[in-house]
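Only the coordinates and a few stated rules stand behind these numbers; no lab work does. None of the values given here were measured: they were computed from a predicted structure. No Cβ is skipped: glycine too gets one built from the backbone with ideal geometry, and neighbour counts run over all protein chains shown.
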Amino acid sequence: MKRLFSVIFLLLLVFAMPAWAHFQLLIPSNDIVSVNDNRSVSLFLCFTHPMEGGPNMEMARPEAFGVMIRGKKIDLMSSLKPIKLPFYPAWHSEAQKEKGTATAWKATYQLRRPGDHIFYVVPKPYFEPAEEKYIKQITKVVVNAFGAEEGWDQPVGLKAEIIPLTRPYGFWEGNTFRGLVVINGKPAPNIEVEVEYYNKDGRAHAPKDPFVTQVVKTDENGIFVYTVPWAGWWGFSALGDGGTIKKGGKEYPVELDAVIWIKAYPRPEGVR
Ligand SMILES: [Cu+2]
């Protein structure tokens, strides 16, 4: 009986889940760390729909998680700790109805060296029953340490990657972000890049559905441009092609996405 209920619940979830964009979150506790700041940075990894605030999806232990500093990669897999999140945050009206939890991950990293720290995660492919496909979102975020602004524009060499052409920190709201999308080692022209605000406390309301996810396309050189309208964390997800995966004798397409997170700061008080 319990099993029947969980099947019904899963079906409800499938039909209830709109085609809103999925995003792999990789959010640090601080993105610009100066010498007097706490040098311990915690990272939050969760697979969700950031503007809607949920539902959070089950995130398996990733294939890789690490940081690149001055061209050197450090494996951080052993620092990952699983956490349980409710499907929806408390501010969400669905939170009262849909009880249950999804696995997310946390890690802490002690900064020692000055320079840009490019954190990255390569998740296991996630099977999305509603769309009959796998989704794999290779995700980056840059943390600047101790004043040395060096390294943010270097490729990590991931299978899907957004290489920032705009410095991804020290970024005002209203600034324009540019990124180069590289998928399977090549620039990806004319593909969609989904953009979402991490609506952590539910303060942003979309007046109509198309406002949930902003969509821009890469040009013939694989470059996209987006002007960030307000302060907070913003995610960019370039939707690429990752071939297929066989499961139970059937072949399913793999959406191989490149994701980057940047934080926009509010304009200073005293300016207009
Ligand atoms: Cu989903």
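Would segment 113-127 turn up any residue that is small (Gly, Ala, Ser) and within 16 Å of the ligand (Cβ to nearest atom)? For segment 113-127, residues small (Gly, Ala, Ser) and within 16 Å of the ligand (Cβ to nearest atom): absent. For segment 164-180, a tally of residues being in a strand (DSSP E or B) and surrounded by fewer than 15 Cβ atoms within 10 Å (Cβ to Cβ) returns 3.
Among the residues of segment 20-63, the one identified as farther than 29 Å from Pro129 by Cβ and within 14 Å of the chain's Cα centre (by Cα) is Pro28. The set of residues from segment 193-224 being within 19 Å of Ile27 (Cβ to Cβ) and of a type in the set (Ser, Thr, Tyr) comprises Tyr197, Tyr198, Thr213.
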